[in-house]
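Novice: Sharing a structure with you now.
The values are calculated or read from the model by the stated rules, or taken from the named source; none is laboratory data. This is a predicted model, so every value here is computed, not measured. For the accessible areas, the whole protein counts, side chains as well, though only heavy atoms, and no ligand, DNA or RNA atoms are used. Shrake-Rupley method; radii C 1.70, N 1.55, O 1.52, S 1.80 Å.
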Amino acid sequence: MSELEAGSVQLMVTSPPYPMIAMWDELFCKADPKIAELFQKLNAKGEDQTVRAIYNVMHNYLSEVWAETFRVLIDGGIACINIGDATRTINGKFQLYPNHSRITEVCEKIGFTTLPYILWKKPTNKPMYKGKGAFLGSGFLPPNAYVTIDCEFILLFRKGKLRKFPPKDALRYESVFKKIERDEWFSQIWSLKGTRQTVTDLERRTAAYPEEIAHRLIRMFSVKGELVLDPFLGSGTTTKIAIQNERNSIGYETDLNLLPVITKKTENHAKEAIVKIKKREKN
Ligand SMILES: C[S@@+](CC[C@H](N)C(=O)[O-])C[C@H]1O[C@@H](n2cnc3c(N)ncnc32)[C@H](O)[C@@H]1O
């Protein structure tokens, strides 16, 4: 993110590709040929060591972005990372890959302060038995069933100390949330449905998060007029919601095919926001 100056962003909201979730294997392999090589080795000989190496290299790829985020955030700026843990059976061995704890460790090493996180609870009706998608006939017999993963994490980190504002800062006061919003948004479990991704294959492949997630995080941790960054922009959800809430936004996306999707999702909102801001400035 060399275009961005150090200390120029107030908030980062993102959801990266999830390590060890099969739908992102291809992206990780393209991003780092070492991962592709390790997968080939794994196919030939399924060693735990190789699986661990794949997991490590995938996280190294993401860690560069967390370090850059630390650099570009202002002192007191917040980073929100939506991540799911992965479960996977490789060569007959089922296990959990706890992405949330690896990212927390990495961010602490970078210098972030870890804050209490949010659990995004998604509705699910697929309990797990022996790493497969259903309990089938043996669902009531111990001990070989697994707990179903029906939550994702929204990890929260701060760079440096709490932010300070001049007394009665006008834009901060305009960004106030209601009591009902505060009570719901600052509780630890958010029960929200996933995004219906029935649009195009391309959009489905971005695994967009619900707009409500971006909306809450942007309202909770930034002030109108500030800059919200999404280093893994996908279909452009963060930018769309940032604009709707009168924040500026910068996003990075490596898949150029997504450009028309991002443009379609954001352009009308940008026009509406400009009208809204001009109106406010007149009054
Ligand atoms: C989980 S998706 C983000 C979905 C997004 N939150 C949305 O609502 O549409 C992750 C995105 O990160 C992109 N990506 C992967 N590596 C990247 C990198 N180094 N820089 C920028 N984008 C990257 C992928 O192409 C993918 O679209």
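Novice: As a test of reading the structure, rank 59, 269 by solvent-accessible area (1.4 Å probe, protein chains only), most first.
Specialist: 269, 59
Novice: What do you reckon, how do 189, 241 stack up by accessible area (1.4 Å probe), largest on top?
Specialist: So the residues, ranked largest to smallest area, are 189, 241.
Novice: A further question follows. Would you mind telling me the antiparallel percentage of the DSSP bridges in the chain, rounded to 5?
Specialist: Antiparallel bridges make up about 60 percent of those DSSP assigns within the chain.
Novice: For the chain, calculate the relative contact order in percent as a whole number, restricting contacts to Cα pairs under 8 Å that are 6 or more residues apart.
Specialist: So the answer I get is 19 percent.
Novice: For the chain, set up a Gaussian network in which alpha carbons nearer than 10 Å are linked by springs, and say which option among 223, 261, 147 fluctuates the most.
Specialist: Taking springs between Cα atoms under 10 Å, the residue moving most is 147.
Novice: Sequence neighbours fewer than 8 away in the same chain don't count; with that in mind, list the aspartates and glutamates whose C-alpha is under 17 Å from residue 265.
Specialist: Within the straight-line cut-off, residue 265 pairs with 201, 203, 211, 212, 230, 246, 253, 255.
Novice: Same structure again: Take the alpha carbon gyration tensor of the range 1-132, find the square roots of its eigenvalues, order them as a ≥ b ≥ c, and report rounded if a/c is under 1.5; if not, report prolate when a/b exceeds b/c, else oblate.
Specialist: Since a/c reaches 1.5 but b/c is at least a/b, the shape of the range 1-132 is classed as oblate.
Novice: Under 19 Å between alpha carbons, and skipping anything fewer than 8 positions from residue 109 in its own chain: which lysines qualify?
Specialist: Those lysines meeting the cut-off are 159, 161.
Novice: If you don't mind, another one. At a Cα cut-off below 18 Å, give the lysines reachable from residue 193, other chains included and same-chain residues fewer than 8 away excluded.
Specialist: 121, 122, 126
Novice: I'd like the accessible area for residue 24: 1.4 Å probe, protein heavy atoms, all chains in place, Å² to the nearest 10.
Specialist: 40 Å²
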